[in-house]
Amino acid sequence: MEQTALDYSVLSKRRNDLFGISIVSIVIFHYCLLSKFAAAKIYIALVGSVGVPVFLMLSGMGLFFSMSKNAAIGQFYKKRLVRVVIPYLIVASVHFLVRYILIDGKGFIDWLRGVFFVDFITKGNSQFWFIAFILVMYLLFPLFFKLFKSGKLNFLKLLILCAIVVAANFALSKLTPALYKNIEVMLTRTPAFLIGVYLGEKVYNKRPVQLPFWLIGVLGGAAFIYIGIMRSVVGEKFSMYIVRYGETIYALLLTMVLSIVLEAIHSGGFSKICAFFGGMSLELYMVHVSLRSIMGEIGFPGSNILYYVIMVVIAIGISFALQKFDGFAAKKLTAPKAAKSKT
């Protein structure tokens, strides 16, 4: 039998599974940052926070599909903003009520500053940086879509955009170092989302995976693992630019490899588990970072594995319920209005 050439559509087939794997890896990484176990250092060295750029790539790819099927910008914004804003406002409102008002004794203005990202920008309180980032990307996405949809010179366009992002990061770090320190976690992740949009065109048009992809992925992955080992085990310092961008290329490689493996093994049970977490990945991200932060404030350190596991179980339960509510609310708010009956 003649073998079919591998194309990028394999990423779409396993997208929900990949979302599940990425959020689980992020939850584990957040524990490893606090843990004193040697295994935690190994995890940080070999995996790190790679789940974040994977998440962003998949998001960019999914948005490309969404707009390709329905280019109406108003409907696009309505669906996407409702999907993110509703769960965010629920989680953030409760989080800052507990943390700022009940624990710290602050007032309503402080609560507003937390919910609307003011404290993220001015103080670096970054629990929900991902939401601020993805909202900005949603607003800019129609421009990215228009740029990449033709498929012509897309790699060159990607390189130019990434170069602009890197230059902007460098300029801000020199001109406004205090501000940059607060929002660096968001700005340095932008290339991962842009790569996702770039991949979205390839996935949508089922373009073949060629040798340069593997060369870039393997070299970038090897560089990230080397940097991870030197940082976590040896204690050597590296520029955050190098760490973030190496991690992004590593995420690109892992995303493709995992897609191929998942497609090859055809494990229905494992796929269902991944899809379960993938379906509520956004909610689980927000809920677990909220509980993790509050847990430390009230004297239950996240470095204690028992406390952390209990927190994660609670977060999964809340996220599952929140996902069901989100789905119901989004369906009601984004459903097309019924045509008026003729009299």
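The values are calculated or read from the model by the stated rules, or taken from the named source; none is laboratory data. A quick note: this is a predicted structure, and the numbers were derived from the prediction, not measured. Don't worry about glycine lacking a Cβ; one is built from the backbone with ideal geometry, like all the others, and counts go over all protein chains shown.
When LEU156 is tested against (1) surrounded by fewer than 14 Cβ atoms within 10 Å (Cβ to Cβ); (2) under 23 Å from ASN182 (Cα atoms); (3) not acidic (Asp, Glu), exactly one condition is not met: (2).
Among SER232, SER259, which is of a type outside the set (Val, Ile, Thr), within 30 Å of ILE318 (Cβ to Cβ) and either in a loop (DSSP other than H, G, I, E, B) or touching a Lys or Arg at 6+ places or on another chain (Cβ under 8 Å) (or both)?
Sole residue among the options that is of a type outside the set (Val, Ile, Thr), within 30 Å of ILE318 (Cβ to Cβ) and either in a loop (DSSP other than H, G, I, E, B) or touching a Lys or Arg at 6+ places or on another chain (Cβ under 8 Å) (or both): SER259.
Cβ separations smaller than 9 Å between residues 6+ apart or across chains give the following pairs from the stretch 232-251 residues that are touching a residue at least 12 places away in the same chain (Cβ under 8 Å) and more than 19 Å from ILE164 (Cβ to Cβ) to residues that are among the basic types (Lys, Arg) and surrounded by 13 or more Cβ atoms within 10 Å (Cβ to Cβ): SER232/LYS41; VAL233/LYS41; VAL243/ARG231. Looking across the stretch 194-229, just one residue is β-branched (Val, Ile, Thr) and in a loop (DSSP other than H, G, I, E, B), and that is VAL209.
Scanning the stretch 48-78 for residues that are in contact (Cβ under 8 Å) with a residue 24 or more places away in the chain and either out of contact with any helix residue (DSSP H, G or I) (no Cβ under 9 Å at 6 or more places or on another chain) or surrounded by 17 or more Cβ atoms within 10 Å (Cβ to Cβ) (or both) yields a total of 19. Tallying residues that are free of Cβ contacts under 8 Å to residues at least 40 places away in the same chain and either buried (at least 16 other Cβ atoms within 10 Å of the Cβ) or among the polar types (S, T, N, Q) (or both) within the stretch 125-146 yields 1. Each residue in the stretch 303-320 was checked for being closer than 26 Å to ILE86 by Cα, surrounded by 13 or more Cβ atoms within 10 Å (Cβ to Cβ) and among the hydrophobic types (A, V, I, L, M, F, W, C), and 8 pass. If the condition is being of a type in the set (A, V, I, L, M) and within 15 Å of ARG189 (Cβ to Cβ), then the stretch 165-174 contributes VAL165, VAL166, ALA168, LEU172. So, PHE238, is that one buried (at least 21 other Cβ atoms within 10 Å of the Cβ) and either over 23 Å from the mean Cα position of the chain (by Cα) or over 30 Å from SER68 (Cα atoms) (or both) or not? Answer is no for this residue. Return yes or no: is VAL313 assigned to a helix (DSSP H, G or I) and at pLDDT 95 or above? Yes, satisfied.
Within the stretch 145-166, if we keep just the residues that are under 14 Å from LEU199 (Cβ atoms) and in a loop (DSSP other than H, G, I, E, B), the residue that is nearest to the chain's Cα centre (by Cα) turns out to be LYS149.
If you go through the stretch 306-313 one residue at a time, do you hit one that is touching a residue at least 60 places away in the same chain (Cβ under 8 Å) and not acidic (Asp, Glu)? Yes, some residue in the stretch 306-313 is touching a residue at least 60 places away in the same chain (Cβ under 8 Å) and not acidic (Asp, Glu).
Flag: LEU291 does not match the condition of being under 26 Å from THR190 (Cβ atoms), surrounded by 15 or more Cβ atoms within 10 Å (Cβ to Cβ) and not aromatic (Phe, Trp, Tyr). Answer yes or no: is there a residue in the stretch 64-85 that is aromatic (Phe, Trp, Tyr) and either more than 28 Å from TYR8 (Cα to Cα) or in contact with a strand residue (DSSP E or B) (Cβ under 6 Å, 6 or more places away or on another chain) (or both). No.
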